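Asker: Dropping the structure in here first, questions after.
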Amino acid sequence: MKQTIYKLVSWTLLVSCLTVTLPSQAQSWTETAPGVWKISVGKPEAYNLLIAAESSPDLAALTRLGTTAFPLDKSDISLRVEGGKTYLRFPLDRTEQIFGFGLNFQTVHQRGRIMQLHVDHYGTKDDGRTHAPLPFYVSSKGYGVFVNSARYINVYAGSAVRKDSKNPPEVQDRNTDKNWSARPYSDAVEMLVPAEGVELYVFGGPTTMDAVRRFNLFNGGGCLPPRWGLGFTQRVNRLFSAADVEKEAQAFEDKKYPLDFIGLEPGWQSKSYPCTFEWDKTRFPQPEAFIKTMLNKGVRMNLWTNLFVSPEASIYPKIAPFTGSHTVWVGAVPDLTMPQAREILWGKFASDHVNIGVGGYKIDEVDGYDYYLWPDVATFPSGRSAEQMRQTYGLLVQKQSTDLFRKRNQRTYGLVRASNAGGSSLPYVIYNDNYSHEDFITALVNSGFAGVLWTPEVRASKTSEEWLRRFQTVCFSPMAMINAWSSSTKPWSFPDVAEQVKAMAQLRMQMMPYWYTAFANYHFDGTPPFRAMNLEAGFQVADRKEVLTASLEENPYAEAVRKEVKDQYMAGEYLLVAPLFTGQKSRTVILPKGKWYDFYTGQFAGDGELITVTPGLDKIPVFVKDGGIIPMMPSLLHAPKPDQKVDLDIRHYGEKPGQYKLYDDDGETFNYEKGQYSWRTINVEKQKSGQWKGTISKPEQGKPNTVGNVTWRFMTTNVSK
């Protein structure tokens, strides 16, 4: 018996030490969709990111993107399994920059960085621990790489040098070489996956934007929110009652500030931290009547919650057997990979919330803080590891809560603290507890590389200047939101800038046709609605030299760094947004090649150059590319209803003729998935007389049409030169 056990242990150890290497000639990359290649290394785990998100590729849209060649030299790709771990190596050339690896808050360029991709809160440092640590990166050479694993992945993004490298760096002598670097050139991205195999995907270009679009479409395309989701939202004080909420909504109406949905914070529940998911009958004695009253006013309700079940919740006895071994705030953690847990939890949400008219959720605390989330030693009844649950819980809650609304043929739009690859199509925006305005904008820049949405929310401010600057950026983001859960702030909290704030909120509403079309492009062709300048054709940063920013006395290994462009971004098809932060009177803006025009005046701003702008406090600098068309509507207090006709004021900028595809559907249901949508073609051309003329195609018979009267504004024509 002992001899048998000894042989078994010896054999197990031998197997665990075996190395499985796939040489380039044995790498069987399969093109699973046009421009998307897949390979399996070793024995991939059955549970992964795409399984958790239940995402399905949009093959029709990927086919429309066309074919392209495999973008890498397979002989430079190394894939091996050794000791129960998977080692991956992809090539980098000297001029290549890489972007992505999730929602980063301080860095855009990822080359040279070391990180562990690990779902967590953002702890003021980009080290891979973030709300959406996607194992996906794209290259300036026009390709992307995705590792489909629900594990903590170690990444060495061009930071390490192998002694057998095909392209080794030069040996430098610091004594004599003034260009000596503490970080020698590295010719590879290397990743370590703690599993005996993994699925890998490569996305072709030919451009970086093409690779991003293919990634988003492979995950089902971007989300398409309801129109009301792109309006304005106010999250009220955590202990507000129904009467308080109705009073707040009335104040918005009386003061003529737009409002589409209100967020109720923890006090709507009978108990929170952990949660009962049940209405507090002292603050909300008649929740169904309250919801109906607010809907009649044109305002929807969004409910805050986390998913940790209070022992005092009515569903606790039923769901307890399907929860993890460890608690969070003494609340049970549902194993959402189990049908039994899903049925009990979401059944409660359906009966008590969604079925009475609640419009969406803010799902908190599914990201991290190790000291309160379940530890890696936790176990779950499904057999999923604590690590896998940590990496995918945000995906699970998004998909499963969205399905509640899908069953009612009703779109939703909410907030969540964690996501991952596969979640592009899920209608949630990420937020966090950090409050650095600069970091917020960098995250907005990076969101486009990660297939997620991010909001630079407004909470409170020390000065009216800060208040207005923050408010300007949320109006040019995926969700225009004040989060007053603690501060009880209102848009008019600073009277000296209240009119400017109102003007920005009204501009947000005026631009709804543009924002809605930008999200339609995200859904149908994968183009991120908010994205880095690096994805814009003609964008160059060659004029930004490498500079040494630290003292060698304080840091002997200080190095020259190329300054990243992380304080300006593209919004929709035509707009470049360049926020100012508190204390700034002016700023520089890098304009891509081609002529650009001031959004507000139509005046020429520059062509492929570095400009300095001094906009004053009232405006956030926004520029429109030559030939740009911006459809606008009247500033309404609420988003248009499904059959409501709205007039359009279509603006054209620049000296080039322009064409724009305007998207339309009912704005609320999933009927667009059945073909109930339309694209109206807008053309602007200069006539022989020298006058500009605009046309819009006729509505398609039997398709949605919410366009009323159309007027035209040729912004640059009216500017004196």
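Asker: Can you pull out the residues in the range 599-648 that are among the aromatic types (Phe, Trp, Tyr) and more than 18 Å from Lys502 (Cα to Cα)? Outline the logic, then answer.
Answerer: Taking the range 599-648 and keeping what is among the aromatic types (Phe, Trp, Tyr), we get 599-600, 604, 623.
Within the range 599-648, Phe599, Phe604, Phe623 meet the criteria.
Asker: I need the full set of residues from the range 591-616 which are charged (D, E, K, R), touching an Asp or Glu at 6+ places or on another chain (Cβ under 9 Å) and either free of Cβ contacts under 8 Å to residues at least 40 places away in the same chain or part of a loop (DSSP other than H, G, I, E, B) (or both), in order please.
Answerer: First pass over the range 591-616, keeping only residues charged (D, E, K, R): 593, 595, 598, 607, 609.
Narrowing further to those that are touching an Asp or Glu at 6+ places or on another chain (Cβ under 9 Å): 593, 595, 607, 609.
Passing the criteria: Lys593, Asp607, Glu609.
Asker: Between a first residue in the range 73-98 that is hydrophobic (A, V, I, L, M, F, W, C) and a second residue that is assigned to a helix (DSSP H, G or I) and crowded, with 16+ Cβ neighbours inside 10 Å, which pairs have beta carbons less than 8 Å apart while being 6 or more apart in sequence or on different chains?
Answerer: Phe90/Asp76
Asker: Based on what the data block shows, is Thr706 surrounded by fewer than 19 Cβ atoms within 10 Å (Cβ to Cβ) and hydroxyl-bearing (Ser, Thr, Tyr)?
Answerer: Details: surrounded by fewer than 19 Cβ atoms within 10 Å (Cβ to Cβ): no; hydroxyl-bearing (Ser, Thr, Tyr): yes.
Spelling it out, it is not the case that Thr706 is surrounded by fewer than 19 Cβ atoms within 10 Å (Cβ to Cβ) and hydroxyl-bearing (Ser, Thr, Tyr).
Asker: Would you call Tyr372 at pLDDT below 95 and under 25 Å from Asn483 (Cα atoms)?
Answerer: Details: at pLDDT below 95: yes; under 25 Å from Asn483 (Cα atoms): yes.
It is true that Tyr372 is at pLDDT below 95 and under 25 Å from Asn483 (Cα atoms).
Asker: I've got another one for you. For Met191, state whether it is within 30 Å of Tyr522 (Cβ to Cβ), in contact with a helix residue (DSSP H, G or I) (Cβ under 6 Å, 6 or more places away or on another chain) and crowded, with 18+ Cβ neighbours inside 10 Å. Lay out the reasoning, then the answer.
Answerer: Working: within 30 Å of Tyr522 (Cβ to Cβ): yes; in contact with a helix residue (DSSP H, G or I) (Cβ under 6 Å, 6 or more places away or on another chain): no; crowded, with 18+ Cβ neighbours inside 10 Å: yes.
Spelling it out, it is not the case that Met191 is within 30 Å of Tyr522 (Cβ to Cβ), in contact with a helix residue (DSSP H, G or I) (Cβ under 6 Å, 6 or more places away or on another chain) and crowded, with 18+ Cβ neighbours inside 10 Å.
Asker: I'm trying to understand the selection: among the residues of the range 442-462, which are over 20 Å from Thr527 (Cβ atoms) and surrounded by 24 or more Cβ atoms within 10 Å (Cβ to Cβ)? Outline the logic, then answer.
Answerer: Of the range 442-462, the ones over 20 Å from Thr527 (Cβ atoms) are 442, 456-462.
Residues satisfying the conditions are Thr442, Pro456, Val458.
Asker: Moving on to the next point. Which residues, taken from the range 103-154, are over 23 Å from Gly205 (Cα atoms) and β-branched (Val, Ile, Thr)?
Answerer: Thr107, Ile114, Val119, Thr124, Thr130, Ile153
Asker: Turning to a different aspect of this structure: Would you please list the contacts, defined by Cβ atoms under 8 Å and residues six or more apart or on different chains, that run from a residue in the range 269-288 that is touching a residue at least 12 places away in the same chain (Cβ under 8 Å) and farther than 16 Å from Ile315 by Cα to a residue that is among the hydrophobic types (A, V, I, L, M, F, W, C) and part of a loop (DSSP other than H, G, I, E, B)?
Answerer: Pairs that qualify, where the first residue is touching a residue at least 12 places away in the same chain (Cβ under 8 Å) and farther than 16 Å from Ile315 by Cα and the partner is among the hydrophobic types (A, V, I, L, M, F, W, C) and part of a loop (DSSP other than H, G, I, E, B), are Arg283/Leu239; Arg283/Phe240.
Asker: Does Arg174 count as more than 24 Å from the chain's Cα centre (by Cα), surrounded by fewer than 24 Cβ atoms within 10 Å (Cβ to Cβ), of a type in the set (D, E, K, R) and under 26 Å from Gln398 (Cα atoms)?
Answerer: Numbers: more than 24 Å from the chain's Cα centre (by Cα): yes; surrounded by fewer than 24 Cβ atoms within 10 Å (Cβ to Cβ): yes; of a type in the set (D, E, K, R): yes; under 26 Å from Gln398 (Cα atoms): no.
Criteria not met by Arg174.
Asker: What about Trp467, is it crowded, with 23+ Cβ neighbours inside 10 Å, among the hydrophobic types (A, V, I, L, M, F, W, C) and either in contact with a helix residue (DSSP H, G or I) (Cβ under 7 Å, 6 or more places away or on another chain) or in a loop (DSSP other than H, G, I, E, B) (or both)? Please lay out each step first, then the result.
Answerer: Working: crowded, with 23+ Cβ neighbours inside 10 Å: yes; among the hydrophobic types (A, V, I, L, M, F, W, C): yes; either in contact with a helix residue (DSSP H, G or I) (Cβ under 7 Å, 6 or more places away or on another chain) or in a loop (DSSP other than H, G, I, E, B) (or both): yes.
So Trp467 fits the description; yes.
Asker: Additional query: I need the full set of residues from the range 231-254 which are surrounded by fewer than 21 Cβ atoms within 10 Å (Cβ to Cβ) and under 19 Å from Ala460 (Cβ atoms), in order please.
Answerer: Asn237, Arg238, Leu239, Asp244, Glu248, Ala251
Asker: Please work out which residue is surrounded by the fewest Cβ atoms within 10 Å (Cβ to Cβ), limiting yourself to the range 315-340 and to residues that are part of a loop (DSSP other than H, G, I, E, B) and hydroxyl-bearing (Ser, Thr, Tyr).
Answerer: Ser325
Asker: With within 27 Å of Asn306 (Cα to Cα), outside the structural domain of Val212 (by TED's automatic domain parsing), in a loop (DSSP other than H, G, I, E, B) and hydroxyl-bearing (Ser, Thr, Tyr) as the only criterion, which of Ser493, Ser461 stands out?
Answerer: Ser461
Asker: Looking at (1) within 29 Å of Pro321 (Cα to Cα); (2) modelled with pLDDT of 95 or more; (3) more than 10 Å from the chain's Cα centre (by Cα), which is the only condition Ser419 fails?
Answerer: (3)
Asker: Please determine whether any residue of the range 297-316 is assigned by TED's automatic domain parsing to the domain that holds Met481, over 25 Å from Ser382 (Cα atoms) and over 30 Å from the mean Cα position of the chain (by Cα).
Answerer: Quick first cut of the range 297-316, residues assigned by TED's automatic domain parsing to the domain that holds Met481 only: 297-316.
Those still in the list that are over 25 Å from Ser382 (Cα atoms) too: 297-304.
Checking the rest, the ones that are also over 30 Å from the mean Cα position of the chain (by Cα) come to 297.
Scanning the range 297-316, I find at least one residue that is assigned by TED's automatic domain parsing to the domain that holds Met481, over 25 Å from Ser382 (Cα atoms) and over 30 Å from the mean Cα position of the chain (by Cα), so the answer is yes.
Asker: State yes or no: is Gly204 more than 20 Å from Tyr87 (Cα to Cα), crowded, with 20+ Cβ neighbours inside 10 Å and in contact with an Asp or Glu (Cβ under 9 Å, 6 or more places away or on another chain)? Can you show your working first?
Answerer: Values: more than 20 Å from Tyr87 (Cα to Cα): yes; crowded, with 20+ Cβ neighbours inside 10 Å: yes; in contact with an Asp or Glu (Cβ under 9 Å, 6 or more places away or on another chain): yes.
For Gly204, the condition - more than 20 Å from Tyr87 (Cα to Cα), crowded, with 20+ Cβ neighbours inside 10 Å and in contact with an Asp or Glu (Cβ under 9 Å, 6 or more places away or on another chain) - is met.
Asker: Just one of Ala498, Ala460, Ala450 is among the hydrophobic types (A, V, I, L, M, F, W, C), without any contact (Cβ under 8 Å) to a residue 24 or more places away in the chain and more than 20 Å from Pro621 (Cβ to Cβ); which is it? Explain how you work it out, then say what you get.
Answerer: On the way: Ala460 fails: without any contact (Cβ under 8 Å) to a residue 24 or more places away in the chain; Ala450 fails: without any contact (Cβ under 8 Å) to a residue 24 or more places away in the chain.
Every option except Ala498 fails the conditions.
The values are calculated or read from the model by the stated rules, or taken from the named source; none is laboratory data. Predicted model only: the values in this text are computed from it and were never measured. Neighbour counts run over all protein chains shown; Cβ positions are idealised from the backbone, glycine included.
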